[in-house]
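A.B. asks: One structure, as structure tokens, below. Some questions next.
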Amino acid sequence: MAQLRIAVIVGSTREGRVGDRLAHWFVEQAARHDDLAVTVVDLTEYDFPATYPAEPTASIRAFVREVGRADAFVVVTPEYNHSFPAPLKQAIDYAYDEWQAKAVGFVSYGCRSTGLHAVDQLRTVFTALHAMTVRDVVGIDLLAGEPTTQCTDELQRDVGVLLDQLRWWGLALRDGRAARPYVS
């Protein structure tokens, strides 16, 4: 069976962000599973326009191709003012059909909230795009330190649960799309 292709999307573009380090930490955890092919999709590597163009730019097309190639996603998102970052919403909106009938999981972070307000709002967005969000989340309280320096048993368990759910839904939805193309 072909590996499940997971794109880990770094949702913050702020200077001094933590999201890129958390994404790479998560990829290290996921790399222990031979049945997963994990790549990082960092929004800072795309030159998205300030306004939504009439025609997609080369960066938009490249991002949409990455979304289209993936079987499932892990969105690494901070919580800013009880929501997720605007550049993440902009990037999500550039793709549409490419999200459909695919599984989405979350690694979220914040101070005390562990980013769960951002995840709640992202679930609504991905539901509108006909994606399946998995139940469990890896939530990180930055006040307790980065998991890159203190990887607790609880965080390890959370990563394992998220990967198990993402694997199940990702494979089921991939098989479903192969048997019957998704139509919304």
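The values are calculated or read from the model by the stated rules, or taken from the named source; none is laboratory data. Please read these numbers as outputs of a predicted model, since none were measured by experiment. Reconstructed Cβ throughout: ideal geometry from the backbone, glycine too, with neighbour counts over all protein chains shown. Quick note on the areas: whole protein, heavy atoms, side chains included, nothing else; ligands and nucleic acids left out. Shrake-Rupley method; radii C 1.70, N 1.55, O 1.52, S 1.80 Å.
A.B. asks: Which residue is nearest to the chain's Cα centre (by Cα), if the candidates are limited to the range 46-81 and must be modelled with pLDDT under 95 and under 26 Å from Leu142 (Cβ atoms)?
C.D. replies: Tyr80
A.B. asks: Please verify whether Val125 is more than 24 Å from Ser184 (Cα to Cα) and modelled with pLDDT of 95 or more, treating the condition exactly as stated.
C.D. replies: On the way: more than 24 Å from Ser184 (Cα to Cα): no; modelled with pLDDT of 95 or more: yes.
Against the criterion (more than 24 Å from Ser184 (Cα to Cα) and modelled with pLDDT of 95 or more), Val125 does not qualify.
A.B. asks: On to the next question. Condition test on Glu98, is it part of a helix (DSSP H, G or I) and touching a residue at least 12 places away in the same chain (Cβ under 8 Å)?
C.D. replies: Numbers: part of a helix (DSSP H, G or I): yes; touching a residue at least 12 places away in the same chain (Cβ under 8 Å): yes.
Taking the combined requirement at face value, the residue satisfies it.
A.B. asks: Name the pairs whose Cβ atoms lie under 9 Å apart, with the first residue in the range 59-73 and more than 18 Å from Arg177 (Cα to Cα), the second assigned to a strand (DSSP E or B), and 6 or more positions between them or separate chains?
C.D. replies: Matching pairs, first to second residue: Phe63/Val41.
A.B. asks: Kindly indicate whether any position in the range 165-176 is under 20 Å from Ile6 (Cβ atoms), open to solvent by 60 Å² or more (accessible area, probe 1.4 Å) and hydrophobic (A, V, I, L, M, F, W, C). Don't jump to the end; show me each part of the working.
C.D. replies: From the range 165-176, those under 20 Å from Ile6 (Cβ atoms) are 165-176; that's our starting set.
Checking the rest, the ones that are also open to solvent by 60 Å² or more (accessible area, probe 1.4 Å) come to 168-169, 175.
Add one more test, that the residue is hydrophobic (A, V, I, L, M, F, W, C), and what stays is 168-169.
Yes, because at least one residue in the range 165-176 is under 20 Å from Ile6 (Cβ atoms), open to solvent by 60 Å² or more (accessible area, probe 1.4 Å) and hydrophobic (A, V, I, L, M, F, W, C).
A.B. asks: Enumerate the pairs (first residue in the range 77-89 and closer than 9 Å to Ser12 by Cα and among the hydroxyl-bearing types (Ser, Thr, Tyr); second residue anywhere and open to solvent by less than 70 Å² (accessible area, probe 1.4 Å) and part of a helix (DSSP H, G or I)) with beta-carbon separation below 9 Å, excluding pairs fewer than 6 apart on the same chain, so at least 6 apart or on different chains.
C.D. replies: Thr77/Gly19; Thr77/Leu88; Thr77/Ala118; Thr77/Val119; Thr77/Leu122
A.B. asks: Can you tell me which residues in the range 2-32 are open to solvent by 60 Å² or more (accessible area, probe 1.4 Å), under 28 Å from Asp175 (Cβ atoms) and touching a residue at least 60 places away in the same chain (Cβ under 8 Å)?
C.D. replies: Arg5
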